[in-house]
Amino acid sequence: MLASFSDYFSFKIVWSRMPDLIKKIPITLELAGLAFVVSLFVGLLIAVARYKKIKVLDPLATAFLSIVRGTPMLIQLYVAYYGIPAILRIFNSWGADINVNLIPKIVYAFISLGLYQSAFTSETIRAALESVDNGEIEAAYAMGMTYGQILKRIIIPEALENALPGIDNSIIGLVKGTSLASTCGIIEITYQNQILAGRDYRYLEGYVALAIIYWVITVILERVFKAVEKRTKIPESPAEISGKNSSGLKEKTSFISKVRQRHGYFDHKELA
Amino acid sequence: MAILTIRNLHKKFKNNVVLDGIDLDVEKGDIIGIVGPSGTGKSTLLRSINLLEKPEEGEIEVGDTKVSLPLKHGSKKSVTELRRHTGMVFQRFCLFEHKTALENVMEGLITVQGKNKKEAEELALKEIENVGLLEWKNHYPRHMSGGQQQRVAIARTLAMKPDIIFLDEPTSALDPELVSEVLNIIKKVAEQGYTMLLVSHEMDFIRKISTRVIFLDGGKIIEDDTPVEVFEHPRTQRARDFFHKMQILREPDYYL
C-alpha cells in the first residue's frame, strides 16, 4: 500500500504545535532582551575603551574580542554554564556564602550570549563613534560647548544613526542565538519543541513550526527597526524635507513633484 | 581698549616651530587680514587663540578672560569662557550633519547660552535671513552647496554674538563660482561692525575690506600696517617676493 504524504509531513501537526510553542515565546524574548542589555553595556565599555584608547583597558578589550570571535558560541555557553558556578564555588571555599544551586540557569545563558554579542556590538559602536567628523567636534568646542555637551548633542546623536542598523542586526542575532540556550536546560521555544516532539516523534513538523515562529518574530522586529531608523535618519533628498511643514506633518505633494522626487530631480517650487 | 591681547605666543608641532613669539593687540572694530606663505602658522594662530591648538607658552586675553599657557589643571573653565566670546568659521564649514540649517544656528544659543527654544529660533532665523538663506532653513547640510553651507556656518557664528570672529580660509574649500557669494556675506558682516581676524588667500578681498594687514612668516609677524602700506610698500624682502609671486599668478599671459 502506498504511504500517504501526511505520513511523512502534516501541516495539521505543524499547526497544532503552535499554541504550546507560543507559550514559551516570552522566555525566548526575555533571554534575548537580558542578553541585549548585557551586550549593549559591555559593548559600549569596549567601544569607548578602544575609541579613547584608554591604557590597559584597550589591549584587554582587544584580547577579549579576539577570544570571543575566535571560539564557537556553543562552547562559550558551556564554559559559562560550568565555569561561573565553579568560580563561585572557589569564592565559597574562600569564605563567601553563595548558594550556587539557587542561581537560575537563564543567568548563565544571558551572560554568555550577551558577552558573545558584545564583541560585535562594540565594533558597531566604535565605528559609529569614529564616523563623527572631527571638524564638527572642533566647531562645537569653538562655540564654547563642554565635552559632555558635545557628547550629548553632537557625537551620540550622530553616532546613533550610524550604529542603529548594526544594533538591530545584533538584536535579531540574539533572538536566533537563544535557541542554543536550550542546550543548557532552559525551556524556551526550541527546548519546548524537543519535549513535545519526544512524545510523538513528529520532529520535522515541530522544527518547521519552530522555524516559522522564529521567522515571524524576526520579520516583526525588522519592521519595527525600519520604522525607528526612518525616524532618526537624515532624509536622502531635499524634497523630502521641503514636503514637511513646520509642524512636521507631511503636506500633500503634487504628482509631478513626486515623480521628480523619485527620479532625484530637484524641485525648486517645493522651496517656495 | 584692546578686545584681544596676545603676548609671546609659542607653538610647535614636535620639533617644527610654527608660532615663534606672537604679540598682537586687536581693537574693537578691527578687521585684520592675515596673509603669508603656506605653513607659516596663519591657521595655527587662529586655532591657538581659541585653544583648539594648545600653545606651549604665552598669554591670551579676550575681554575679561585671561588664559596663561601652558594650560594648568583647572583652566578648562576659562578656556570655555574664552571660546564663548569668540567665534570661528572653518575652511571645511564643519556644520553638524544631523541638524538642519536652522538647528545648526540654534545649537549654540541653546546649549551654550541657555536660551529657550523659541527665543533661539527667533534669533537664528534673523541670522539666517542675514545670510540670505531663509528658504533653506529646513535643509540638511548635505543637501546644500559649499557656499550655502559656509553661509550657514557664518550665521551660526554670528548668532552667538561673539566679541571677535576668526575666519580660517573661509573660501578655500569652495568652487570658484561660489567664492563671491561667501565673500559678499563676509563683507556685509564686516560692515555690521564686527571685529574679525581673517586668514585668506583672496588678496584683493583682504585689501578691500581689512583695516589692518598682518604678514606672517616663519611664525613671526613681519609686517603689520594698513593694507595699502603692506601691499604697496612692504618693508621686508620676504613680503615683496610673496606679493610678486601672487601678482604673477594673476596674469595668465605671463606663463602661457
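Over 20 Å between C-alpha atoms is what I'm after, so list which of A:Lys152/B:Lys115; B:Lys11/B:Lys208; B:Lys54/B:Lys76 land there.
Among A:Lys152/B:Lys115; B:Lys11/B:Lys208; B:Lys54/B:Lys76, the Cα-Cα distance tops 20 Å for B:Lys11/B:Lys208.
Compute the acute angle (0 to 90°) between the alpha-carbon long axis of helix A:105-130 and the principal axis of greatest extent of the alpha-carbon atoms of chain A; round to the nearest 10°.
20
By how many nm would the segment from B:Lys14 to B:Lys118 lengthen if fully extended, with 0.36 nm per residue of separation less the alpha-carbon distance?
32.7 nm
Can you tally the net charge around B:Val18? Count Lys and Arg as +1, Asp and Glu as -1, for every other residue whose Cβ sits under 9 Å from the Cβ of B:Val18.
Net of charged neighbours comes to 0.
Please express the Cα-Cα pair-distance distribution P(r) of chain A as a list of whole percents, one per 10 Å bin, running from 0 to the bin with the greatest distance.
Reading the bins upward from 0: 6, 19, 23, 21, 17, 10, 3, 1, 0.
Can you tell me the Rg and the Dmax, both Å, for the Cα atoms in region B:91-162?
Rg then Dmax for region B:91-162, in Å: 10.8, 30.
Can you give the charge dipole size of chain A about its Cα centre, rounded to the nearest 20 debye, using +1 on the beta carbon of Lys and Arg and -1 on the beta carbon of Asp and Glu?
Here the size comes out at about 320 debye.
On each of the three principal axes of the Cα atoms of the protein assembly as shown, give max minus min coordinate, whole Å, ordered largest first.
111, 71, 53
Round to the nearest 0.05 the FRET efficiency obtained for A:Lys176 and A:Ile67 when R0 = 25 Å and r is the Cβ-Cβ distance.
With R0 = 25 Å, the Cβ-Cβ based efficiency is 0.70.
Helix A:189-200 versus the longest principal axis of chain A: what is the Cα-based angle in degrees, 0 to 90, to the nearest 10?
30
Sort B:Asp163, B:Asp204 so that the residue with the fewest other Cβ atoms within 10 Å of its own Cβ comes first and the one with the most comes last.
Ascending Cβ contact count within 10 Å gives the list B:Asp204, B:Asp163.
Looking only at other chains, what is the average number of their beta-carbon atoms within 10 angstrom of each beta-carbon in B:95-101?
Mean shielding by partner chains, rounded to a whole number: 6.
Would you tally the net charge around A:Lys105, using a Cβ to Cβ cut-off of less than 14 Å, leaving A:Lys105 out, and scoring K and R as +1, D and E as -1?
Surrounding charge for A:Lys105 is -2.
Can you give the FRET efficiency to the nearest 0.05 for A:Phe5 and A:Val79, using r as the Cβ-Cβ distance and R₀ = 35 Å?
Result of the calculation: an efficiency of 0.20.
How far apart, in nm, are two points set 7 Å out from the Cα along the Cα-to-Cβ line at A:Leu29 and at A:Lys53?
4.5
Just the Kirkwood number for region A:80-169, please: inverse of mean 1/r across all distinct Cα pairs, in Å, one decimal.
With all distinct Cα pairs of region A:80-169 included, I get 16.4 Å.
Above 18 angstrom, tally the Cα pairs of region B:140-187 and express them as a % of all pairs, no decimals.
27
Give me the percent relative contact order of chain B, please, defined on Cα pairs under 8 angstrom at least 6 residues apart.
24
Just tell me how shielded A:142-155 is by partners: mean number of partner chain Cβ atoms within 10 Å of each residue's Cβ, no decimals.
6
In whole Å, what are the extents of region A:1-130 along the principal axes defined by its C-alpha atoms, from largest to smallest?
Projected onto its principal axes, the Cα set of region A:1-130 covers 74, 46, 26 Å.
Which lysines does B:Lys137 reach when only Cα atoms under 19 Å apart count, and residues fewer than 8 places away in its own chain are ignored?
The reachable lysines, counting only those whose Cα sits under 19 Å from B:Lys137, are A:Lys233, A:Lys244, A:Lys250, A:Lys269, B:Lys99, B:Lys117, B:Lys118, B:Lys126.
So how much slack lies between B:Glu191 and B:Glu59, counting 0.36 nm per residue of separation and subtracting their Cα-Cα distance, in nm?
The B:Glu191-B:Glu59 span can extend by a further 44.5 nm.
Hey, fewest Cβ within 10 Å first, where do A:Met73, A:Met18, A:Met145 land in order?
Ordered from fewest to most neighbouring Cβ atoms within 10 Å, A:Met73, A:Met18, A:Met145 come out as A:Met18, A:Met73, A:Met145.
Expressed as an acute angle from 0 to 90° and rounded to the nearest 10, what is the orientation of the C-alpha long axis of helix A:25-51 relative to the principal long axis of chain A?
So the helix axis and the longest Cα principal axis differ by about 50 degrees.
Spin-label point model (7 Å from Cα, Cβ direction): what's the A:Val219 to A:Leu160 distance in nm?
3.0
Hey, which lysines would be in cross-link range of A:Lys12, C-alpha to C-alpha under 27 Å, not counting anything within fewer than 8 residues on its own chain?
Within the straight-line cut-off, A:Lys12 pairs with A:Lys23, A:Lys24, A:Lys176.
For a footprinting-style exposure proxy, rank A:Cys184, B:Cys94 by other Cβ within 10 Å, fewest first.
Least crowded to most crowded, the residues run A:Cys184, B:Cys94.
With an 8 Å cut-off on Cα pairs and a minimum separation of 6 or more residues, tell me the relative contact order of region B:91-162 in percent.
47
Since every read-out is calculated from the coordinates, none of them should be taken as a lab result. Model, not experiment: these values are computed from the prediction. Every residue, glycine among them, receives a Cβ derived from its backbone with ideal geometry; neighbour counts consider all protein chains shown.
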